[in-house]
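Notes follow once the structure below has been shown.
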Amino acid sequence: MFDEFKSPEKAKILLDAIHKTARHQWHIMEICGGQTHAIARYRIESLLPDSIKLIHGPGCPVCVTPISTIDNAIKLASRKDVIFTSFGDMLRVPGSRYDLLEIKARGGDIRIIYSPLEALRIAMEHPNREVVFFGIGFETTAPVHALTIAEAHRRKIGNFSILTSLFTVPQVITAIAQDKGCVLNGILAAGHVCAITGTTEYEKLAKRLRLPISVTGFEPFDLLWGIYTCINQLENHEYCVKNAYKRIVSREGNLKALRIIDEIFETCDREWRGMGKIKNSGYQIRREYEQYDALKRFNIKSDNKKEITICQAGEIMKGKITPVQCKQFGNCCTPEHPLGAPMVSSEGACAAYYRYNI
């Protein structure tokens, strides 16, 4: 089905167009970690003109979850009365002292699941235990988290809660674009995020920041088409949104998904690993559903101490340096012994560089 989006012939046509169009030096950031891995896997950057530099953004929810949130997860997972459930790649993300895998090795009841609805099922099967789900993600996964809370509320399940680490993309784009240390000329927006949100907010963002944005998918053709439309805008001094992923993304987005997000969540300031607090860049559970907020349920106080680490995740996710420019990359920091989340996550930039030997 997707062979046409991997066609070498079509890719060559787009590459020829990119080489003809690019007359100046441009720095283009792909926001999503899935895009980063696809670019690395297909060696797309090596096929582009030397004047085009791709920089890797913060679009990996595992990578941007701060140490303080990992520490809160560890506090919850260490409780004897808690069954702690999580996606697998969160277990090896370092906190200030430990990771969840070490807590599991010490006897913590930590279970790897693939959907928050599985956590709800576990809560129904163990009515005498508290079940906490570690809910991470961007706008893409927020609807299923919201639906799970709505279902728990409908079924009156009283032993279930979520530790949320949910982020929103437009605000972090603004923060990076306004950072004087970042060189950023264009954006490849994540197609799966825009499938939920639509593109209207990005249209406002492009005009306000004077930053061309191209929405892309994750196949070679999708990415090359997005890169071409972004470069074409830059060379013509245009600042708007081009949808290079129309088979999935519409301008209005998924209205049902947006309604359930708005019912269950409200926007909040959110701490990003290595980047600090960004205003209105996350979701938190509304007061009407706060019984499902694990921090409030267990009266967990976040310790927002300044992150002290030799990991340069923040600089990498802002595009200030590449993973190989970090002195720890491949030395002290490897997938087996990660210092930071970008080396752990299946969408992390450091993991992509390490895996594909860039």
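Worth pointing out:
- A helix-only calculation puts the chain at -11000 deg cm²/dmol for mean residue ellipticity at 222 nm, using -39500 (n - 2.57) for each DSSP H run of at least four residues, averaged over all residues.
- Note on the chain: with neighbouring protein chains present and a 1.4 Å probe, carbon and sulfur make up 50 percent of its accessible heavy-atom surface.
- The chain: angle of helix 8-21 to the longest principal axis, Cα-based, in degrees nearest 10: 70
- Rg over Rh, two decimals, the stretch 91-183 (C-alpha only, Kirkwood Rh): 1.09
- Highest GNM mean-square fluctuation among ILE316, ILE248, ILE173, for the chain modelled with Cα contacts below 10 Å: ILE248.
- Residues with amide H under 5 Å from that of SER165, placed H, sequence gap 5 or more: GLY135, ILE136, GLY137
- Order by protection proxy (mean Cβ within 10 Å, highest first), peptides 19-28, 341-350: 341-350, 19-28
- 3J(HN,Hα) couplings calculated from phi for the stretch 264-273 with the Karplus curve 6.51 cos²θ - 1.76 cosθ + 1.60 (θ = phi - 60°) are, in sequence order, 9, 10, 9, 6, 8, 5, 9, 7, 10, 4 Hz; Gly and Pro show x.
- Per residue, the chain exposes 46 Å² of solvent-accessible protein surface, assessed with a 1.4 angstrom probe and all protein chains in place.
- Taking θ as phi - 60° and the Karplus parameters 6.51, -1.76 and 1.60, the scalar couplings of the stretch 238-244 work out to 10, 9, 8, 9, 10, 9, 9 Hz in sequence order, x denoting glycine and proline.
- Ordering of 29-35, 203-209, 146-152 by packing [mean C-beta count within 10 Å, highest first]: 29-35, 146-152, 203-209
- Using θ = phi - 60° in the Karplus curve 6.51 cos²θ - 1.76 cosθ + 1.60, the 3J(HN,Hα) couplings for the stretch 184-201 round to 9, 10, x, 10, 9, 6, 6, x, 6, 5, 5, 4, 8, 7, x, 10, 5, 5 Hz; x is entered for Gly and Pro.
- q = 0.06, 0.12 Å⁻¹, the chain: log10 I(q)/I(0) [Debye, one scatterer per Cα]: -0.22, -0.88
- Toward the positive end of the charge dipole of the chain, with +1 on the Cβ of Lys and Arg and -1 on the Cβ of Asp and Glu, the farthest Cα among ILE285, ASN357, ALA195 is that of ILE285.
The values are calculated or read from the model by the stated rules, or taken from the named source; none is laboratory data. Please read all numbers here as calculations on a predicted model, not as lab measurements. Neighbour counts are summed over all protein chains in view; Cβ atoms, including those assigned to glycine, are modelled from backbone coordinates with ideal geometry. Accessible surface is based on the protein model in full, side chains and every heavy atom, while ligands, DNA and RNA are left aside. Shrake-Rupley method; radii C 1.70, N 1.55, O 1.52, S 1.80 Å.
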